Amino acid sequence: MTGEAKLTEAPGGLRPGGEGWFVVNVRDTEWGTHDAFGSGCVFENREGAPFGELGINISVVQPGQPLCLYHEENAQEDFLVLGGACVLVVNGEERPLRAWDFVHSPAGTEHVIVGAGKGPSIVLAVGSRPETERLRYPVSELAANHGASAREDTSDPQEAYAAFDRPQPGRPDCWDELPWA
């Protein structure tokens, strides 16, 4: 039987202190903010108790903010827009998204989601964790129009994100507007 992981206080909220099952509310879990890529919580403790099989997080982005850089990988990712409006850039095309739209992104699909509309957008992201992760950040003029393209084609995340600071612990400025606040 699996034991319960103790939740520990981190600068951005609660995170698991080790392996095991746990329950945490979105408002209490560890959050980070980024000027370019919005805010989010990851639920896991990537240093002390990473999730080996499945990544899951919630992101909050303002209009014009991408969740990340345009990329493709060797793993499935799925997204559910929980609130607000977004734009999906996928394989060189744009698609509008609204609350409760679901996006399935099989391995090898180039994609990024960008906040749109008049206020914050909330996106639940889930992705499988392959034994060997392979990423590619292609240069995309369409993604660049949204501030979401790497400067050069690369398979190195550190190179792709070199121009950006790391996220900082904390909650987004729009915290009081969010459903779990």
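The values are calculated or read from the model by the stated rules, or taken from the named source; none is laboratory data. What you see is a predicted model, and the numbers here were worked out from it, not measured in a lab. Cβ: placed from backbone, ideal geometry, glycine included. Neighbour counts: every protein chain shown. Note: accessible area is taken over every heavy atom of the protein model, side chains too, but ligands, DNA and RNA are not part of it. Shrake-Rupley method; radii C 1.70, N 1.55, O 1.52, S 1.80 Å.
Table: residues versus (1) under 17 Å from the mean Cα position of the chain (by Cα); (2) among the charged types (D, E, K, R); (3) part of a loop (DSSP other than H, G, I, E, B); (4) crowded, with 17+ Cβ neighbours inside 10 Å.
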site	(1), (2), (3), (4)
Val87	yes, no, no, yes
Gly108	no, no, yes, no
Val114	yes, no, no, yes
Lys118	no, yes, yes, no
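Pairs meeting the criteria (first residue in region 124-142 and free of Cβ contacts under 8 Å to residues at least 60 places away in the same chain, second residue in a loop (DSSP other than H, G, I, E, B) and open to solvent by 90 Å² or more (accessible area, probe 1.4 Å), beta carbons under 9 Å, at least 6 apart or on different chains) are Val139/Arg151; Val139/Glu152; Val139/Asp153.
Of the residues contained in region 73-83, none is found to be under 17 Å from Leu178 (Cβ atoms), touching a Gly at 6+ places or on another chain (Cβ under 8 Å) and not small (Gly, Ala, Ser).
Selection within region 125-154: residues that are among the hydroxyl-bearing types (Ser, Thr, Tyr) and over 19 Å from Val89 (Cβ atoms). The member of this set that is farthest from the chain's Cα centre (by Cα) is Thr132.
Among the listed residues Gln158, Gln168, identify the single one that is open to solvent by 100 Å² or more (accessible area, probe 1.4 Å), touching a Ser or Thr at 6+ places or on another chain (Cβ under 9 Å) and over 14 Å from Glu72 (Cα atoms).
Details: Gln158 fails: touching a Ser or Thr at 6+ places or on another chain (Cβ under 9 Å).
Going through Gln158, Gln168 in turn, the sole match is Gln168.
Under the condition of being of a type in the set (A, V, I, L, M), surrounded by 11 or more Cβ atoms within 10 Å (Cβ to Cβ) and in a loop (DSSP other than H, G, I, E, B), the residues counted in region 1-29 number 3.
Results for (1) in a helix (DSSP H, G or I); (2) within 30 Å of Arg15 (Cα to Cα); (3) small (Gly, Ala, Ser); (4) open to solvent by less than 60 Å² (accessible area, probe 1.4 Å), shown as yes or no for each residue.
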| residue | (1), (2), (3), (4) |
| --- | --- |
| His104 | no, yes, no, no |
| Arg136 | no, yes, no, no |
| His146 | no, no, no, yes |
| Ala162 | no, yes, yes, no |
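Scanning region 143-171 for residues that are touching a residue at least 60 places away in the same chain (Cβ under 8 Å) and small (Gly, Ala, Ser) returns Ala143, Gly147, Ala148, Ser149, Ala150, Ala160, Gly170. Selection of first residues in region 65-83 that are assigned to a loop (DSSP other than H, G, I, E, B) and of second residues that are of a type in the set (Phe, Trp, Tyr) and open to solvent by less than 20 Å² (accessible area, probe 1.4 Å), restricted to Cβ pairs under 7 Å at least 6 apart or on distinct chains, gives the following pairs, ordered by first then second residue: Leu69/Tyr137; Tyr70/Tyr137. Inspect region 68-76 for any residue being within 19 Å of Trp31 (Cβ to Cβ), open to solvent by less than 40 Å² (accessible area, probe 1.4 Å) and of a type outside the set (S, T, N, Q) and give the result as yes or no. So far as region 68-76 goes, yes, one or more of its residues are within 19 Å of Trp31 (Cβ to Cβ), open to solvent by less than 40 Å² (accessible area, probe 1.4 Å) and of a type outside the set (S, T, N, Q). Pairs linking a residue in region 104-118 that is over 17 Å from Leu69 (Cβ atoms) to a residue that is open to solvent by 40 Å² or more (accessible area, probe 1.4 Å), with Cβ atoms under 6 Å and 6 or more positions apart or on different chains, are Pro106/Gln76; Ala107/Asn74; Ala107/Gln76; Ala116/Pro63; Gly117/Pro63. If only residues of region 44-56 that are touching a residue at least 24 places away in the same chain (Cβ under 8 Å) and part of a loop (DSSP other than H, G, I, E, B) are counted, the one that is nearest to Ala181 (Cα to Cα) is Glu44.
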